[in-house]
Amino acid sequence: MTASKKVRVRFAPSPTGYLHVGGARTALYNFLFAKHNGGDFILRVEDTDLERSTEESMKMQISDLKWLDIPWVEGPNPETFEDMGPYGPYRQSRRKEIYMEHAQRLLKEDRAYYDFRTDEELEALKAAALASDPSKQYQVEAPAQVVSIADAEKRLAAGEKAAIRFRVREKRDYVLHDLVRGDVTFPSDMVGDFVCIRSNGMPVYNFCCVVDDALMKMTHIFRAEEHLPNTLRQMMLYEAFGYEMPQFGHLSFILGPDRQKLSKRHGATSCNDYRLKGYLPEALNNFMLLSGWSSPSGAEIMSREQQIAEFTPDRFNSSPAVFDTVKLEWMNGQYLRALPHEELWKRVEPFLRDAGLSLPASSSAEWRDQALTIFKIKMNTLADAVPLFLPLDDSRFAIGAEAAETLGWPESRAVLEAWRGQVAAFAGERMSEADFDAAQNAVKTAAGAKGKNLFMPIRVAVVGVPHGSELKMVVPLLSKASLLKRADAAIAGLK
Ligand code: GLU
């Protein structure tokens, strides 16, 4: 690569499901690498598997990348999904002619041949080879007599089907200088003559990938380790086309806490799962960043700017990363608590709304600020806000069955009546923590109750149940009118 060449990297998901955190990490690394080098990050949709690829999945993955704030400069437009950029189309399903032209080129140069053999014939060849030498891995080879292009075209015109197969010509080692794994040697006989275009006309992944990466002028490719074995075929294709090979880096696997490959078994694996659970995209990004890469400064919480500034491939870890959800939750809590309250509210609010909470007081910025100051200490995710805010919803207030015992205590009537009296006499709209302490002390004196016999009945008269958040946190968030209504309900429930 010449020094002046602009860095171009891509994320190339197959739209066959949700965006997995492993995929999102690949996208993030490519994006940060592009940014660090003043280059371009491109999104390419690898949808040649027509049976498994869906438009819906592509849109979901795009939505997840948008949520993560990993923007691309070329690829499907994030809003209209139409191509943007000079090297399109960016969806492989729309590039069939380009692949066919490339396959033709290989045919003409005798780097590939038409293969009219059926699956059954190939299976029989494999069985025969295995029978003669079971220790040897069977590799497909060209038939003794390859059909000429002219003859093949006649047979195809007559309705026969043929695959186009790459001819692995020479036995030698291919050495990949991998940016993560160092030098990796592949003996060429690891693969036999491989298919480029299937007999149904569909090109295969390794073929499309090379054609696209070359035509889209990729300089570097960071992708999952599981693609490492594909690289041999891809190196052969680069060589056959005479295209300059990008630099590769194969990213280590992400494992679950049991050191098995991260899967559904381990719980949430898609970005969307984390979004729904109330994780912040900036926290998930920061966490993914550190699952396979480390900062030279040893920093853990890193701003986007710092991530871009420090992102060099020499910090990739070639051993697998363990997806530590406890750490993710901790990190999310750190990010969440650092948000300005107006921003935090914007993010919390949809969770409260989805839970059906009605909180008219939240129209006041001061109330929101106070509530978040109190509750965010107890939150690691946005979803954690729901049980914390729930006791503030008047429409949800009810004296629960668990309160029956408390309401049956001999002191409870005196405590509740004194409490109601304190609330009624309070001159303001909402009590402060100090007002509440003072009121509670006055109740203690008036009712002659203390400890549990004092606190529990008041708790029931505020939240309806004898447990939950500390009252000095909840009371200042409730209006006088609400406290009165709640006290009345508790009094009505006395035995
Ligand atoms: N479409 C492939 C995948 O989703 C990407 C392969 C590559 O990056 O070369 O795994």
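The values are calculated or read from the model by the stated rules, or taken from the named source; none is laboratory data. Because the structure is a prediction, the values reported are computed rather than measured. A quick note on method: Cβ atoms are made from the backbone with ideal geometry, for glycine too, and the neighbour counts reach across all protein chains shown. Keep in mind that these areas ignore ligands, DNA and RNA; they rest on the heavy atoms of the full protein, side chains included. Shrake-Rupley method; radii C 1.70, N 1.55, O 1.52, S 1.80 Å.
Here are some notes:
- Output for the stretch 183-202, where each listed residue is part of a strand (DSSP E or B) and under 22 Å from PRO143 (Cβ atoms): VAL195, CYS196, ILE197
- Note on the stretch 183-193: residues that are of a type in the set (Val, Ile, Thr) and crowded, with 18+ Cβ neighbours inside 10 Å amount to 1.
- Annotation: of all residues in the stretch 32-59 being within 14 Å of the ligand (Cβ to nearest atom) and part of a helix (DSSP H, G or I), the one that is nearest to PHE222 (Cα to Cα) is PHE33.
- In the stretch 285-317, the residues that are outside any helix (DSSP H, G or I), out of contact with any helix residue (DSSP H, G or I) (no Cβ under 8 Å at 6 or more places or on another chain) and surrounded by fewer than 15 Cβ atoms within 10 Å (Cβ to Cβ): GLY298, SER303, ASN317
- Taken over the stretch 183-205, the criterion of being in contact with a strand residue (DSSP E or B) (Cβ under 8 Å, 6 or more places away or on another chain) and either within 14 Å of the ligand (Cβ to nearest atom) or within 23 Å of LEU28 (Cα to Cα) (or both) is satisfied by PRO203, VAL204.
- Selection status of GLU97, of a type in the set (Asp, Glu) and either within 16 Å of the ligand (Cβ to nearest atom) or in contact with a Pro (Cβ under 8 Å, 6 or more places away or on another chain) (or both): no
- Screening the stretch 254-284 for residues that are part of a loop (DSSP other than H, G, I, E, B), crowded, with 16+ Cβ neighbours inside 10 Å and on the phi < 0 side of the Ramachandran plot and picking the one that is farthest from the chain's Cα centre (by Cα) gives GLY256.
- Scanning the stretch 13-58 for residues that are touching a Gly at 6+ places or on another chain (Cβ under 7 Å), of a type outside the set (Lys, Arg) and within 20 Å of ASN272 (Cβ to Cβ) gives PRO13, LEU43, SER57.
- Of the listed requirements (1) touching a helix residue (DSSP H, G or I) at 6+ places or on another chain (Cβ under 8 Å); (2) more than 17 Å from LYS277 (Cβ to Cβ), VAL322 misses just one: (1).
- Failed item, numbered, when ARG223 is tested on (1) more than 11 Å from the ligand (Cβ to nearest atom); (2) surrounded by 19 or more Cβ atoms within 10 Å (Cβ to Cβ): (1)
- Qualifying residue in the stretch 228-235 (condition: over 30 Å from SER318 (Cα atoms), at pLDDT 95 or above, open to solvent by less than 50 Å² (accessible area, probe 1.4 Å) and away from the ligand (no atom under 12 Å from the Cβ)): no
- The lone exception for GLU79 - which of (1) assigned to a loop (DSSP other than H, G, I, E, B); (2) within 12 Å of the ligand (Cβ to nearest atom); (3) within 24 Å of ARG347 (Cβ to Cβ) it fails: (2)
- Condition check for GLU160: of a type in the set (D, E, K, R), over 23 Å from SER188 (Cα atoms) and part of a loop (DSSP other than H, G, I, E, B): yes
- Check on ALA321, exposed (fewer than 15 other Cβ atoms within 10 Å of the Cβ), of a type in the set (A, V, I, L, M) and closer than 28 Å to VAL180 by Cβ: no
- So VAL180, is it in a loop (DSSP other than H, G, I, E, B), buried (at least 18 other Cβ atoms within 10 Å of the Cβ) and within 16 Å of the ligand (Cβ to nearest atom): yes
- Residues (assigned to a helix (DSSP H, G or I) and within 12 Å of the ligand (Cβ to nearest atom)) located in the stretch 8-23: GLY22, GLY23
- Counting the residues of the stretch 82-106 that are touching a helix residue (DSSP H, G or I) at 6+ places or on another chain (Cβ under 7 Å) and either modelled with pLDDT under 95 or within 27 Å of LEU32 (Cα to Cα) (or both) gives 2.
- Residue within the stretch 17-28 that is open to solvent by less than 70 Å² (accessible area, probe 1.4 Å) and farther than 30 Å from HIS177 by Cα present: yes
- The listed residue being away from the ligand (no atom under 16 Å from the Cβ), within 30 Å of THR325 (Cβ to Cβ) and either open to solvent by 10 Å² or more (accessible area, probe 1.4 Å) or under 24 Å from the mean Cα position of the chain (by Cα) (or both), out of LYS5, LYS66: LYS66
- Residue that is buried (at least 23 other Cβ atoms within 10 Å of the Cβ) and over 22 Å from PHE287 (Cα atoms), where the choices are ARG44, ARG10: ARG44
- Screening the candidates GLY356, GLY292 for the property of being farther than 22 Å from LEU255 by Cα and not charged (D, E, K, R) yields one hit, GLY356.
- Checking each residue in the stretch 194-217 for being open to solvent by less than 10 Å² (accessible area, probe 1.4 Å) and either under 30 Å from the mean Cα position of the chain (by Cα) or hydroxyl-bearing (Ser, Thr, Tyr) (or both) picks out PRO203, PHE207, CYS208, CYS209, VAL210, VAL211, ASP212, ASP213, MET216.
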